[in-house]
1. For segment B:19-182, with the dipole built from +1 on Lys and Arg beta-carbon atoms and -1 on Asp and Glu ones, taken about the Cα centre, which of B:ASN181, B:GLN22, B:ALA166 lies farthest toward the positive end?
2. What's the center-to-center distance, using Cα atoms, between segment A:147-211 and segment A:701-779 in Å?
3. State the three equivalent ellipsoid semi-axes of the protein assembly as shown, derived from the C-alpha gyration tensor as the square roots of 5 times its eigenvalues, in descending order and whole Å.
4. Of the cross-linked pairs A:LYS370/B:LYS167; A:LYS19/A:LYS334; A:LYS19/A:LYS471, which ones have a Cα-Cα span greater than 30 Å in the structure shown?
5. Could you sort the peptides B:102-111, B:161-170, A:101-110 by per-residue average Cβ neighbour count (10 Å cutoff), highest mean leading?
6. Add +1 for every Lys or Arg and -1 for every Asp or Glu among the other residues with Cβ under 11 Å from the Cβ of A:ALA419, and state the total.
7. Could you work out, residue by residue across A:480-487, how many beta carbons of other chains sit within 10 Å of that residue's beta carbon, and then give the average as an integer?
8. From Cα coordinates alone, what are the radius of gyration and Dmax values for segment A:672-796 in angstrom?
Amino acid sequence: MRDNNEEKFIFAACTYFAKNHPGETCGSNGLPLTPSSISILGRAQRLLTIQHPNLCTYLDIIRGKHERIIVVTEVFGKSLEEWKSKFSFDEVTNIGLQISKAMLFLHKQDIVHRTLADGNILLDGSGRVKLFNYGMYYMTGGGSDVPFPLGLPRYLSPETILNGGGPAADIWTFGIILLELCIGKLWQNLKPGPILRRILTLVHAANPAERIAREHDCFEAYKLVSDHLRNIIEKCLKIYPSERATFEEVVEELSQANVKTVVDVKKPRGLMGCKLQYLYHWWQLTGGDIQAELKKNGLIKNSPPILSMPIAILLDGCTIGGKRGALFDRRIAKYSLDLLKARLSHIPPQDFYPLMHERRRDYDAVALPKIIRERDTEYQFYRLLWFQRLLIGYPYTAQYIRAEAEIDIPPLVRGDVWAALLGVKGDIEEQYERIDKETPTPTDRQIDVDIPRCHQYCWLLCGSAGHRTLKRLLKAWLLTNPQYVYWQGLDSLTAPFLYLNFCNEARAFACLSAFVPKFLHKFFLKDNSAVIKEYLAKFWQMAAFHEPELATHLHEINFVPELFAIPWFLTMFSHVFPLHKIVHLWDALLVEGPALPLFMGVGILRQLKDTLLDSGFNECILLFSDLPEIDIGECVKESIEMCRSSPKSISYRRFTNEPEVKDPMDIVEIPMEVLLSEISPRISMSDFFSLTCQDKCCVVDIRSNLLYEKSCIEGSVNVPYSGVQLGQRDLRALGLNAHRALRHAVTHKNTIVIASAEDETAQLFSDYLVKCNVPRVCILYGGISALQSHVPSLFIVPIKKTGSK
Amino acid sequence: MATNRSGASQRPNGAPQTKVCQFKLVLLGESAVGKSSLVLRFVKGQFHEYQESTIGAAFLTQTVCLDDTTVKFEIWDTAGQERYHSLAPMYYRGAQAAIVVYDITNQDTFGRAKNWVKELQRQASPSIVIALAGNKSDLAAKRMVEFDEAQAYADENGLLFMETSAKTAMNVNDIFLAIANKLPKSEGAGGGSAAGARRLADGEQPRSSACCK
Ligand SMILES: Nc1nc2c(ncn2[C@@H]2O[C@H](COP(=O)(O)OP(=O)(O)OP(=O)(O)O)[C@@H](O)[C@H]2O)c(=O)[nH]1
Ligand SMILES: [Mg+2]
C-alpha cells in the first residue's frame, strides 16, 4: 500500500543550465543565434504531450534567468536508488517489464533516453514503475545544448563512451539496470574514469554480463538468477549494438514470465483524480511557485555575480574560468498540493463531477474582467472541469461549447476549444500527413525572411522548432489553397494557431484552414484589391454608424483606412497585437463570427478617440504606426456590444463565404463604386421591418411634402430634402418635429433610417446627419418605393396636422 | 561614421530666422532589405533584430537641422513584398525624396532596387531626389553586390548613394542628411510639380501644397 508520504508529493522539479554560445555570434543571416535554452524549450514541448502509464508526465519547462532551465514533472514513489531493500526475481521481472514498456513507447516515438539510471526509475509500494525525466537527451538535442555530459558513467554502453550510439545504447543500459537489480550496484567505489575503462575492457568479453558478475565477486549470485532473466540480461549486454535485443523483444519475453503483476490501485476520486496538468495549473494559480521551492532547497543558488565571472575572455568571445554548474545536478525538489487542497477544501465532492443536464452554478467571478478570471483558482477549477466534460463530448457538444466559450475560455484548453469552435474534426493527422510541405517553391524566400520577424518575443515561436513548423504550416496551406497566394501577414495569422497547438501541427493547420474561409474569404487572392476595398469601406461605414463625430473628423483630415487598417483586417489583428492580446480578441471572434472584426476596428478607434479628435493628419497616422496600448478586454466588450446592436444587414459584405442572399427583403448589395462613396450603410427591408416591429427605429422620410402626404411609413417624420441646408450642422434647423424625433432616437439608441425616393439624396442627407454627430444612421435599401411594394402594410396616409412642417 | 544618436532633431535654441521645411520621403525596396530598420535607426536610434515585417505602410517623422534650415521628414516606410506593389504609388506620389534600399548580401534585391528607380523616374514627380542605400554593410563578409557596381549605377542615374547599416548605424543619419542637403529649400523651389507634396488622395487640404513655411 502506498504510504501517505508518497501521495503527498505529486510533482517535482529539477534544474540545469543550457550552454552559452561563445561570444555574441550571429548566424549566417546576420541575426543572433538562438539561445540554447530556447532550442531546449522548443523541443521539450513535445515531451509535454507524452502520456504513458509508465512515464512521469512532463508538466512544464520554464526558462529562468541566465539560460536556466527548470523541468517540472510528475513524481511518485521512490527511485530505485532510494529503495534499499533487495528485490525478488519476480519483482525484478515486474519492474523490468514496466521499464521496457515505457522504453518501447519512447523508441516508437523516436525518443532516445540515454540517461536511464536507477535514480530516475521510480517505484511505488504497489509495484508500479514510472520513468522520471526521461527526456533530457531529447530536449537538449542529444546533449549539444548543455555544457555537461549526459548519463551516469556506469550505465553508458561501450559505443556511447566512444562517442556513438543510437537507441540500442538504451538496451545496454537496461541490461545493466536488470543486472544491478539482481546482483547489486556495480562499480560502487570507482571514479568515473576507471568505470569507463572497465566498461571498455568488456569489449573483449564473450559474455559481458558474466564478466561483470565475476569482477564483482558475484558470479555465484548471478548463476542463481532465473534462466529467463539471465537470458534477457545477456541479450541486452551484447557488445555490438546490432546484436542486442530490442525493447519489443524484451517486452515480449518479460511478459511471458507470468509473474503476478502490479497491484491494482483504484483511481483516486476528487481532487487527486483530476488531470495532473489541471492540478499543476490550479496549484500555480493558488500561488504555487516552482522557483521559490528550488531556491529554498538550495537547487537555485544566488551566488554573487563576481564569482561566476570568467577569468579571461578571448578575442573570439570564448571564456575561460568562471564556474557554472559543471555537472548535471540530479537533485530534485518535490512539491505537495497542500496549498491547493486547502484552497479548494470547501468544494463539495459532487462538484468534481459536473453533469451536463444540471443547471450550472453562476459564479460571482463572471462579473470580473477576463484576465482576472483566468487567474482565479476556484473559477478556473469549475471552468476546466466543465470544459473537460464538454470537450470529451465534441462534436456532439459543439453548441454547448460555443455557449460556454461566449462567457470565457480557460487558457489551458484554449487550443481544444478553438478547434471545436472552428468545427475541426475527423482524421486531421492523416490529411495533414499527406500534404507535401517540403518541395521548394518560389514563395519560400519571402516566407524565410518573414518567419524570423514573426512574433519573435514569444519563446515558442522564436526557436528553430517554431520556425520550422511555421514554415511547414504555411507551405501546406498554400499548397492546399492554390487559389490563394502568400501575402505578408499570413505568417502572423498562422502564429496564434501554432502557439496554441505547438505539438499538434495537424490541428494548427486544420484551424487555419477553417479560419480563413470564415473570416478572410478571398483576402489572399493574388488580386485582392476589391475584397480589401470593400472591407475597409464597410469598416469606415461602421465607424460612421457608431462614432459619427470621430468619423467626420477623420474624413475631414483625409485620414483613410487604407493607410493603417490593412494589416488589421488582413491578419485579423494578429500582426498588430502581441499573442496574449490576440487570444482574447480571437476568443470573441470565433464565437461572434465574421462581422465582429469590423466593430473591433471601431472599438480601437473609440479607445483612441480623444487623441484622434485633437490630432491632425500626421499625428493620427503616427499614432497608428506605433499603436499605443489598447485595452483589449474593453475593446472586445464594446465591439461585441456594437456588433450585436447593429442590424445585421448594415455590415453585409459581398465577399464572404456565406450563402448568397436571395430574398429581396434581405438584399443590401450595391455596386462597388456606390459603396465606396457612401458614408452610411444600407439596411435591408427585413431588418428595417423587425426594427419597426420592436419600435427601435426612427424613420426620416426625405421626399417632398407632397409625396409624403399621399402615403408614408407609419411613424416616420418628413424632412423634405430640398429644404435642408447641408452647410448648417445643427439638427434644430430641420424643424422642431424632426429635431425632437431625432433627439429621442439618439437618447434611446434607436436606429435612424433614411427613406428616400432616390439614392443620391439619401446619401447626402445621411452624410449630413453624420456630420451633425448623429449616431446609428443608415439608408433604407431600395428606398420608399421598394418598401411600398414589399411591405405595403407599413404605409398610411398621414393625418394632416397644422403647423407640422 | 555617423553617430548613433538620433538627436539631429534638436533645434538650435533661439534661432528664430530658421526656416522650417517639410518633405515627404518614401522608402522602397524588396522585402527584408532593412527599410523599417533604417527608419527606426534614424527616428529612434534603435535597432530591433526581429523588426516585424511591414504590411501596407508605416509612417514616421523626424526632423534634422541644417545650417539655416530645419528639415522635417515625413517618412513613409512601405511594404517590400512584390504583392503590395499596387499600394506603392499612393505613397510615392508627391514625394520629394525617396530612398531605394537593397541588401548588399543579396543580388536580387539590387535588381529590384533598379526597377524601383526606373518606376520612380517614370511615375514620380520629376524633381524627386532619389538615394540608393546598400544596407547591411555590416555583413560585408557575405557581400554579393559590389560597392563599385552600385556606385556606377548610381552615378549613371544621378542618385545619391551610400552603403548603410541599420545595425551599426553606419551612414544612416548621413544618407538622410545628404538628401536634406540636396532638396531645394528656397520658397517655391519645392513647388511646381512637387506641389502635390503630401497629398495622399485628391482633395486634401491646401496645407499640404507647399513644402516650406
Ligand atoms: N545585419 C543586419 N541586419 C539588418 C540590417 N538592417 C535590417 N536587418 C535585419 O533584416 C531584417 C529585415 O529588416 P526590416 O527592416 O524588417 O526589412 P524591411 O525592408 O522593412 O522589410 P519589409 O517590411 O518586409 O518590406 C530584420 O531581421 C533586421 O533585423 C543591417 O543593417 N544589418
Ligand atoms: Mg518593413
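Please treat every number below as a calculation from the coordinates, not as lab data. A quick note: this is a predicted structure, and the numbers were derived from the prediction, not measured. Cβ: placed from backbone, ideal geometry, glycine included. Neighbour counts: every protein chain shown.
1. Going by the charge dipole, the pick is B:GLN22.
2. The distance from the Cα centre of segment A:147-211 to that of segment A:701-779 comes to 91 Å.
3. Its equivalent ellipsoid spans semi-axes of 64, 40, 23 Å.
4. A:LYS370/B:LYS167
5. Top of the packing list down: B:161-170, B:102-111, A:101-110.
6. Residues close to A:ALA419 contribute a combined charge of +2.
7. Mean shielding by partner chains, rounded to a whole number: 1.
8. Answer for segment A:672-796, Rg first and Dmax second: 13.2, 37 Å.
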